[in-house]
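One structure below.
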There are 2 protein chains.
Amino acid sequence: MKARIYVFLKPKVLDPQGKAIEKALSTLGFEEVKSVRAGKFFEVETGDVPPGKEEETLREYCRKLLVNAVIEDYRIEVIEK
Amino acid sequence: MKARIYVFLKPKVLDPQGKAIEKALSTLGFEEVKSVRAGKFFEVETGDVPPGKEEETLREYCRKLLVNAVIEDYRIEVIEK
């Protein structure tokens, strides 16, 4: 399976990296920039996963390791089963 | 305009974060995991951008600030003009 997992801060959580980029872009003359939020993503390649269990498997990776559920949300995208 | 910018390491560049996650998932019992590559993304919201210049504007953000062209590539996605 090939998949992508997107992890991002929940909307109400302060994002200092995004804020810094916002200001830096402004300073560089891009005054149209209103807001920037930063997130991360992971491209995952696995061997065979039981058919129909792709999303469940990826959710397990998120719960056990990739996502801090207190402050982060995630979205998964299966590219190739 | 609303847009997303995805920034990722070029395929031949070593990705220590991805490698660490790969090993951690294995250690947690997810032995099907073959490879993990880590990247980042930015959700950008701007005021009005001249029509037709959306992609060009985002490319400028990348070139001037967000992307290190020596080791990184990027992909842009305009969500709302």
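Just checking, which of B:Lys10, B:Lys40, B:Lys2 is among the basic types (Lys, Arg), touching a residue at least 60 places away in the same chain (Cβ under 8 Å) and under 24 Å from A:Pro11 (Cα atoms)? Step through it out loud before you land on a result.
On the way: B:Lys10 fails: under 24 Å from A:Pro11 (Cα atoms); B:Lys40 fails: touching a residue at least 60 places away in the same chain (Cβ under 8 Å).
On inspection, the qualifying residue turns out to be B:Lys2.
Of everything in region B:18-53, what is of a type in the set (Phe, Trp, Tyr) and within 24 Å of the chain's Cα centre (by Cα)? Give them in sequence order.
The first filter runs over region B:18-53 and keeps only residues of a type in the set (Phe, Trp, Tyr), leaving B:30, B:41-42.
Scanning region B:18-53 gives B:Phe41, B:Phe42.
Here, each number is a calculation from the coordinates, and none is a lab measurement. All of these numbers come straight from a predicted model, not from anything done at the bench. Neighbour counts run over all protein chains shown; Cβ positions are idealised from the backbone, glycine included.
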